[in-house]
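First the structure, in the form of structure tokens, and then the observations on it.
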Amino acid sequence: AERPPVDVAALAAGVRDGSRSVLARAITLVESNRPDHRAAAQELLLELLPHSGGAVRVGISGVPGVGKSTFIESLGTRLTGDGHRVAVLAVDPSSTRTRGSILGDKTRMAKLAVDDSAFVRPSPSAGTLGGVARATRETIVLMEAAGYDVVLVETVGVGQSEVTVAGMVDTFLLLTIARTGDQLQGIKKGILELADVVAVNKADGSHERDARVAARELAGALRMMTPAHDTWRPPVLACSGQTGAGMDEVWAAVQDHRSTLEADGSLGRRRADQQVEWMWAMVRDQLMDRLQTSAKDTLGEVEAEVRSGDLTATLAATRLLDTLGLPDPP
Ligand code: GDP
């Protein structure tokens, strides 16, 4: 059947006007994998790109149960109360099966979901982490063009998703909770290295003391690590998304981090580097997509030969890549 063309100009105008329904449709467009949608989405993004970049982009990560949605609800409503417009996005590669993602779920952030100054969008179910990451990055552009000045990108502390989110935000905030014994045990070192700000959450009631002890221990551990920037030492704070205690301090630390990046020009560099890294990720993605098509008829056979040992993995790779019809490397 004939597909109705996407009216890119109308979408762009609606997004810039701040229409929630048009913004929602534009996000659905960038999340789509249909080739005609992909083309229209790129046109839309090109048009909106000059109006993007204005938000404070913050990644918020932590294992399930650490209190991310409670924290974001609390932080988000504070920020909208202060006159900000807040967008909440999620990167959840586990949300592939259903539309119902465990992150960015509106039922988890009941107040923000009905806040006129907030826009909560669940994780796209784009299949791979690469697909989810692409849609999320492109959605950030839409959100900024729509006038949201704070973008919170939530991700669950599993696998590669934190690295992916750290690569699309200005400040990466790691939420953790106090644990007995070795405080570092539950936190992968690689994740700690990504953090610009660390917050020990649930510092309330009988947990408060433990949280403060944990924060001090973590701060000690962080001092042993080589900092990612010579001008910034990730602070470790204690807070409670539930009572709101310490939330202002956490936000102040996020703003401090950003001011530090701005002051020495590294915010611009960080964003530019992220774009270039992103471009290479897209090259890899698109190459794989094309390969899946071009090598469609030989894939099974070549894989079988590698399995049986009749073909080396290297030769097999060359044979698959040859189906792309590219000139040989020199
Ligand atoms: P998420 O899975 O990281 O999004 O965590 P949730 O926000 O859904 O919270 C998980 C559980 O921890 C829920 O039972 C919350 O009520 C509880 N919780 C969340 N934040 C706090 C907090 O600041 N203090 C305390 N004591 N409990 C909290």
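The values are calculated or read from the model by the stated rules, or taken from the named source; none is laboratory data. What you see is a predicted model, and the numbers here were worked out from it, not measured in a lab. Note that we place each Cβ from the backbone using ideal geometry, even for glycine, and neighbour counts take in every protein chain shown. Heavy atoms of the whole protein, side chains included, go into the accessibility calculation; ligands, DNA and RNA do not. Shrake-Rupley method; radii C 1.70, N 1.55, O 1.52, S 1.80 Å.
To keep it simple, each residue is scored yes or no on (1) open to solvent by 10 Å² or more (accessible area, probe 1.4 Å); (2) among the aliphatic types (A, V, I, L, M); (3) within 12 Å of residue 142 (Cβ to Cβ).
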| residue | (1), (2), (3) |
| --- | --- |
| 9 | yes, yes, no |
| 24 | yes, yes, yes |
| 41 | no, yes, yes |
| 53 | yes, no, no |
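Residues of region 271-289 include at least one that is more than 30 Å from residue 322 (Cα to Cα) and either within 16 Å of the ligand (Cβ to nearest atom) or touching a strand residue (DSSP E or B) at 6+ places or on another chain (Cβ under 9 Å) (or both).
Flag not set for residue 207, criterion: farther than 24 Å from residue 68 by Cβ, assigned by TED's automatic domain parsing to the domain that holds residue 65, at pLDDT below 90 and not small (Gly, Ala, Ser). Only one entry in 219, 215 is free of Cβ contacts under 8 Å to residues at least 60 places away in the same chain and within 16 Å of the ligand (Cβ to nearest atom), namely 215.
One line per residue, one yes/no per condition, for (1) outside any loop (DSSP other than H, G, I, E, B); (2) of a type in the set (A, V, I, L, M); (3) loosely packed, with under 12 Cβ neighbours inside 10 Å:
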position	(1), (2), (3)
253	yes, yes, no
271	yes, no, no
283	yes, yes, yes
286	yes, no, yes
293	yes, no, yes
310	no, no, yes
329	no, no, yes
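Scanning region 141-155 for residues that are among the acidic types (Asp, Glu) and part of a loop (DSSP other than H, G, I, E, B) turns up just one, 149. Of all residues in region 194-209, those that are out of contact with any Cys (no Cβ under 6 Å at 6 or more places or on another chain), more than 9 Å from the ligand (Cβ to nearest atom) and open to solvent by less than 80 Å² (accessible area, probe 1.4 Å) total 7.
Pick out the one residue from 270, 223, 216 that is in the same structural domain as residue 130 (by TED's automatic domain parsing) and modelled with pLDDT of 90 or more. Just a single option satisfies the conditions, and that option is 216.
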